[in-house]
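A.B. asks: Encoded as structure tokens, here's the structure I'll be asking about.
The values are calculated or read from the model by the stated rules, or taken from the named source; none is laboratory data. This structure is a prediction, so every number in the text was calculated from the model and none was measured. Here the Cβ positions follow ideal geometry from the backbone for every residue, glycine too, while neighbour counts run over all protein chains shown. All accessible areas refer to the heavy atoms of the entire protein, side chains included, with ligands and DNA or RNA removed. Shrake-Rupley method; radii C 1.70, N 1.55, O 1.52, S 1.80 Å.
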Amino acid sequence: MASGGVTGYAAISARVRAMYADLLTQQDLLRLNDSPDFPTLFSSLKTTAYGPYLEGLKDKEITPKRVISQVKRKLAASYYSVIQMAPENTRPLVKQLYRYYEIGNLKAVLRALVTVSSWNTDETALWDRVRDVLFPMGAASVLPAQAMVESGSVATAVDLLRGTPYEEILSFAMKRYSAEQNLFALEVALDLGYWRRLWAEAKKLTGQDREQATKIIGSLLDMNNIMWAIRYKVYHKLSEEEIINYTLPFGYRVQDADIRAIAAGADTSALINRVYPGIPDVNALLENPQSGLPKLEVLLKRELIKQCLAAFVGNPFHIGIPLAFLVLSDLEVQDLIVLVEAKSSNMPEDEYRPFLLKTNVPA
């Protein structure tokens, strides 16, 4: 597909709206939540759009880990479909958005290499363990994941990334890792590099595509940037300068001045109330960060859902609708992971229900 506009978006708009109709409704999620146990949840999930990805599982394969992996395959298929149909000028943006899962896979590989000694296993067995937790990107991934795991060390694994988008980022960050032997330097570098490129791809677009892309991508970025800044300050006790260095100076509603204010010790609750006036009791959440910050992140994700739903109103001929659909699909998978893990561990509903996203957002 060569260009955007009405002609370029006619087919993808229809396709995305059809896939959007297959997303779980609040009633669907409430029904799944009513499942008394994991087997019942699995049976109910098979009656949804996730059914085709679960049908092939044999009895011994029906485990929480395997079900979650299959649920993620539906998300991967949605990305593949959108990337194939997106107007050519928007594909770099959608492909970069998809690399979020590759960043997660890369982090999982590096963490496994650091912890392998405590797992008391060899490299082959380690790969079997790591493979089970990787997002199923298939041929879309550039990571030589198995070779990295079997390389035996972080330094050797990073060397295997030559020629990939991660070579320059990690080769620079490895200097600090070598000195400190802490993956924090590598993970922060990967996160910042990912979001900088994603924002740059959104900014390359024009017209409605640019407006809608910066709104969706910027809302994602806002949420992450705020949570990074708060966690760096509360949990890691980083200095003002470090917080500024490990966050991003741009966004949709959260700007550089806001992040600098948090880093400098400004009233964070007042800032969040200004940017997200619909979020209640922010001050109470920040007073007890151990339990409050996870809840704050949930509330920010619910605001993100509202932003994505708004993209489906009005003119349908822009990249905002496919982006919003992909973000909503990801958030739906997060809800399903919560349910699968909760039902398989017999967790009381009052412990996990507050972390469900879609059941608490106005339709």
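A.B. asks: Let me spell it out: the conditions are (1) open to solvent by less than 20 Å² (accessible area, probe 1.4 Å); (2) in a helix (DSSP H, G or I); (3) farther than 30 Å from L221 by Cα, and T90 meets all of them except one. Which number is the exception?
C.D. replies: (3)
A.B. asks: Give me the residue from segment 250-268 that is outside any helix (DSSP H, G or I) and open to solvent by less than 30 Å² (accessible area, probe 1.4 Å) and, out of that set, nearest to R196 (Cα to Cα).
C.D. replies: In the first step, residues of segment 250-268 are kept if they are outside any helix (DSSP H, G or I); the result is 250-255, 264-267.
Narrowing further to those that are open to solvent by less than 30 Å² (accessible area, probe 1.4 Å): 251, 254.
Numbers: G251: 10, V254: 15 Å.
My answer is G251.
A.B. asks: Looking only at segment 312-329, which residues are outside any helix (DSSP H, G or I) and buried (at least 17 other Cβ atoms within 10 Å of the Cβ)?
C.D. replies: Filtering segment 312-329 for residues outside any helix (DSSP H, G or I) gives 312-319.
Those that are outside any helix (DSSP H, G or I) and buried (at least 17 other Cβ atoms within 10 Å of the Cβ): P316, F317, H318, I319.
A.B. asks: Which one of Y177, Y166 is touching a Gly at 6+ places or on another chain (Cβ under 8 Å) and over 17 Å from T247 (Cα atoms)?
C.D. replies: On the way: Y177 fails: touching a Gly at 6+ places or on another chain (Cβ under 8 Å).
Of the residues listed, the single one that is touching a Gly at 6+ places or on another chain (Cβ under 8 Å) and over 17 Å from T247 (Cα atoms) is Y166.
A.B. asks: Go through segment 177-192 and give me each residue that's open to solvent by 20 Å² or more (accessible area, probe 1.4 Å) and either in contact with a Lys or Arg (Cβ under 6 Å, 6 or more places away or on another chain) or under 22 Å from K95 (Cβ atoms) (or both).
C.D. replies: Passing the criteria: E187, A189, D191.
A.B. asks: Sticking with this one: Assess whether R99 counts as being open to solvent by less than 70 Å² (accessible area, probe 1.4 Å) and of a type in the set (K, R).
C.D. replies: On the way: open to solvent by less than 70 Å² (accessible area, probe 1.4 Å): yes; of a type in the set (K, R): yes.
The answer is yes for R99.
Per-residue answers, yes or no, for (1) free of Cβ contacts under 8 Å to residues at least 60 places away in the same chain; (2) among the basic types (K, R); (3) at positive phi; (4) open to solvent by 50 Å² or more (accessible area, probe 1.4 Å):
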residue: A10; (1), (2), (3), (4): no, no, no, yes
residue: V16; (1), (2), (3), (4): no, no, no, no
residue: M19; (1), (2), (3), (4): no, no, no, no
residue: L29; (1), (2), (3), (4): no, no, no, no
residue: D37; (1), (2), (3), (4): no, no, no, yes
residue: K46; (1), (2), (3), (4): yes, yes, no, yes
residue: S69; (1), (2), (3), (4): no, no, no, no
residue: A77; (1), (2), (3), (4): yes, no, no, no
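A.B. asks: For segment 106-213, list the helices (runs of 4 or more DSSP H) that sit wholly inside it and hold at least 1 residues that are of a type in the set (S, T, N, Q), at pLDDT below 95 and in contact with a helix residue (DSSP H, G or I) (Cβ under 6 Å, 6 or more places away or on another chain); which are they? Even if it seems obvious, please write down each step before you answer.
C.D. replies: Numbers: elements: 123-131, 145-151, 154-159, 167-180, 184-204.
In segment 106-213, the matching helices (runs of 4 or more DSSP H) lie at 145-151.
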